[in-house]
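Here is the structure we will look at.
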Amino acid sequence: AGNHNFKWVYDKNGGGTGGVDKAWIDYIELPTEMITTLFAGPDETSCADAGFQCHGTATNQDSIYWSTSGDGTFNYTNIFHPIYTPGEQDIIDGQVNLTLGIIDQQGEAYTDEMTLTLRYAPEAPEMPTGPDYIDVYKEIETSYSTTELPDAEAYHWELEPAEAGTMTADEAEATVLWNIDYLGTATLKVSAINECGEGDFSEELDII
């Protein structure tokens, strides 16, 4: 590190002069001057209950450090790719700013910031809608549905007891083929799923 002067000297000896009594210096390659760059990474979205791996980069740095605007923690603050675990206040706020700072080789300080938006498992869907009284001697198949949730990627339907019938589901809709030998009350409920997990079940629909 630092500034250096390079000098090439040709000293003539006491011999005669003629021909190629000289020197050539060819193909000298010196490193280019290092430029300071810094990037904390793009704004991203992560599940609130999972650690987020940062993707910082920099050049010409002498030291690095991460900091947060929230109450979460880094497993390391002095590497480019630490894992950040959101805190309780981060989860309440729904997002947090993560800042990467460096001190470069010349002693200058720089910072860059990215925003981490926290995503959650879906809320409970609305209670299924559909027939709540079935005369299995007249009708053995009925359909049910729930309102689709914008952050849901799939749905999980449950019919209890299982011997009441056979269910097939297609996203926010389900069809039940009733068992004519089962008489009584059955319950139907549904939950929503995304990459952050499965949310709570809806209220149960009682079906007689």
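Just a few scattered comments:
- Of VAL190, VAL176, all but one fail to be among the β-branched types (Val, Ile, Thr), assigned to a strand (DSSP E or B) and in contact (Cβ under 8 Å) with a residue 60 or more places away in the chain; the exception is VAL190.
- Residue that is farthest from the chain's Cα centre (by Cα), among those in region 124-159 that are within 12 Å of GLU204 (Cα to Cα) and free of Cβ contacts under 8 Å to residues at least 40 places away in the same chain: LEU159
- Taken over region 31-43, the criterion of being open to solvent by 60 Å² or more (accessible area, probe 1.4 Å) and either farther than 7 Å from ASN60 by Cα or not in a loop (DSSP other than H, G, I, E, B) (or both) is satisfied by PRO31, THR32, GLU33, THR37, PHE39, PRO42, ASP43.
- Region 63-112, residues that are among the acidic types (Asp, Glu) and surrounded by 14 or more Cβ atoms within 10 Å (Cβ to Cβ): ASP71, ASP90, ASP93, ASP104, ASP112
- Condition met for ASP49 (assigned to a strand (DSSP E or B), open to solvent by 70 Å² or more (accessible area, probe 1.4 Å) and touching a residue at least 40 places away in the same chain (Cβ under 8 Å)): no
- Selection from region 96-109 of residues that are under 15 Å from TYR120 (Cβ atoms) and out of contact with any Asp or Glu (no Cβ under 9 Å at 6 or more places or on another chain): none
- Region 70-92 residues that are on the phi < 0 side of the Ramachandran plot, paired with ones that are in a helix (DSSP H, G or I) and surrounded by 14 or more Cβ atoms within 10 Å (Cβ to Cβ) (beta carbon under 8 Å, 6 or more apart): GLY70/ASP90; GLY70/ASP93; ASP71/ASP90; GLY72/ASP90
- Every residue from region 121-143 that is open to solvent by less than 40 Å² (accessible area, probe 1.4 Å) and closer than 21 Å to ASP181 by Cβ: ILE134, VAL136, THR142
- Scanning region 181-208 for residues that are open to solvent by 80 Å² or more (accessible area, probe 1.4 Å) and in contact with a Phe, Trp or Tyr (Cβ under 7 Å, 6 or more places away or on another chain) returns a single hit, ILE208.
- Leading residue by the ranking (farthest from the chain's Cα centre (by Cα)) among those in region 193-208 that are within 15 Å of ALA124 (Cβ to Cβ) and either in a strand (DSSP E or B) or aromatic (Phe, Trp, Tyr) (or both): LEU205
- Every condition in (1) among the acidic types (Asp, Glu); (2) within 30 Å of THR68 (Cα to Cα); (3) in a loop (DSSP other than H, G, I, E, B) is met by GLU126 except one, and the failing one is (2).
- Flag if GLN89 is closer than 25 Å to GLU198 by Cα and either modelled with pLDDT under 95 or outside any loop (DSSP other than H, G, I, E, B) (or both): yes
- Residue, farthest from the chain's Cα centre (by Cα), within region 52-61, restricted to residues that are surrounded by 14 or more Cβ atoms within 10 Å (Cβ to Cβ) and at negative phi: GLN61
The values are calculated or read from the model by the stated rules, or taken from the named source; none is laboratory data. Keep in mind that this is a model prediction, so the values were computed, not measured. All Cβ positions, glycine included, derive from the backbone under ideal geometry; neighbour counts span all protein chains shown. With ligands, DNA and RNA removed, areas are computed over all heavy atoms of the protein, side chains included. Shrake-Rupley method; radii C 1.70, N 1.55, O 1.52, S 1.80 Å.
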